[in-house]
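Enquirer: Handing you a structure now.
The values are calculated or read from the model by the stated rules, or taken from the named source; none is laboratory data. Treat the numbers as computed from the prediction; the structure is a model and nothing was measured. Ideal geometry is used to build each Cβ from the backbone, glycine not excepted, and the neighbour counts take in all protein chains shown. Each accessible area value is taken on the protein alone, full model and side chains, heavy atoms only, with ligands, DNA and RNA left out. Shrake-Rupley method; radii C 1.70, N 1.55, O 1.52, S 1.80 Å.
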Amino acid sequence: LSAERKVRGVVDVMTLPAVPSDARIVLWQGDITRLNADAIVNAANSALLGCFIPCHRCIDNAIHSVAGLQLRAACAALMERQGHPEETTGTAKITAGYNLPARHVLHTVGPIVSGALTEEHRQLLASCYRSCLALAAKNGLKSVAFCCISTGEFHFPNDAAAEIAVREVRAFLAENTSVERVVFNVFKDADLHIYERLLL
């Protein structure tokens, strides 16, 4: 895994250019598992044990695959101590990053949208961002990279999710000075265009 990390290349989030509207916010398109940040955010399932579908192209599987078996073992130990799956959508847990360039992983379970988008869905997604940022600040982390929580397999509409993400990050940064860099990491071109409209 260490050799594969060298082949993929590591990107230092502190050297990425900030958006014009905020010196602490970055928009970056690429593979989140390449980012050298204090933490990257994983859109997890309630078991917090990684994706259960082999070779699935979700962010959960990507992060666990690059981090290595140590991450799943750490999550298993965490969940064993807790004694039950994540019962509340919108909370966050922290583990080490193991073979990732990132020092830590923040695991959050986003809302699943199976029909029309509701206000509860919106509130739960906002809670994911707030919980991750609060946990980062509590642990003295200076940089956090967010994936597009819930927009993949959980079917949260991309536009609405991005609006919530940007709003919550901006609100947090307005009140907190300990987190020095927040990265909105996008993979798809469609998400890049949405965040460009909101941030640039």
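Enquirer: What is the calculated FRET efficiency for N176 to E196, with r their C-beta to C-beta distance and R₀ = 25 Å, to the nearest 0.05?
Expert: Computed FRET efficiency for N176 and E196 comes out at 0.50.
Enquirer: Which one, A136, A39, A23, has the greatest fluctuation when you compute a Gaussian network model over the chain with C-alpha springs under 10 angstrom?
Expert: For the chain, modelled as a Gaussian network with Cα springs under 10 Å, the answer is A23.
Enquirer: Could you tell me which of H107, F156, A190 has its Cα farthest along the dipole of the chain towards the positive end, charges placed at Cβ (Lys, Arg +1; Asp, Glu -1), taken about the Cα centre?
Expert: H107
Enquirer: Taking 4 °C and 1.567 mPa s as the conditions, I'd like the Stokes-Einstein D for the chain in µm²/s, using the Kirkwood hydrodynamic radius from alpha carbon pairs.
Expert: For these conditions, the coefficient is 77 µm²/s.
Enquirer: For the chain, modelled as a Gaussian network with Cα springs under 10 Å, which listed residue fluctuates most, D38, D60, D12?
Expert: Of the options given, D12 has the highest mean-square fluctuation.
Enquirer: Could you tell me the distance between the Cα centroids of segment 1-61 and segment 101-138, to the nearest Å?
Expert: 16 Å
Enquirer: Can you compute the FRET efficiency between R103 and S21 using 1/(1 + (r/R0)^6), with r the Cβ-Cβ distance and R0 = 25 Å? Round to the nearest 0.05.
Expert: For R103 and S21, the calculated efficiency is 0.35.
Enquirer: May I ask you to derive the relative contact order of the chain, considering only C-alpha pairs under 8 Å and at least 6 residues apart, and to give it as an integer percent?
Expert: It rounds to 28 percent for the chain.
Enquirer: Tally up the carbon and sulfur contribution to the accessible surface of the chain as a whole percent, 1.4 Å probe, everything protein left in place.
Expert: That share works out to 54 percent.
Enquirer: Among the lysines, select those whose C-alpha is under 27 Å from the C-alpha of K6, and discard any that sit fewer than 8 residues away in the same chain.
Expert: K142, K188
Enquirer: Using a Förster distance of 22 Å, how high is the FRET efficiency between Q70 and N139, based on the Cβ-Cβ distance and rounded to 0.05?
Expert: 0.75
Enquirer: If you take the charge dipole of the chain about its Cα centre, with +1 on Lys and Arg Cβ and -1 on Asp and Glu Cβ, which of L125, V13, G83 is farthest toward its positive end?
Expert: Going by the charge dipole, the pick is V13.
Enquirer: How big is segment 116-200 by Rg and Dmax over its Cα atoms, in Å?
Expert: 12.7, 38
Enquirer: Roughly how big is the chain's charge dipole about its Cα centre, with Cβ charges of +1 (Lys, Arg) and -1 (Asp, Glu), in debye to the nearest 20?
Expert: 560 debye
Enquirer: Whole number in Å², please: accessible area per residue of the chain, 1.4 Å probe, ligands, DNA and RNA not counted.
Expert: Per-residue value: 47 Å².
Enquirer: Place a +1 charge on the Cβ of each Lys and Arg in segment 117-200 and a -1 charge on the Cβ of each Asp and Glu, then give the dipole magnitude about the Cα centre in debye, rounded to the nearest 20.
Expert: 340 debye
Enquirer: Over the chain, with a Gaussian network built from C-alpha contacts below 10 Å, which listed residue (A116, A190, A171) shows the highest mean-square fluctuation?
Expert: Among A116, A190, A171, the largest GNM mean-square fluctuation belongs to A116.
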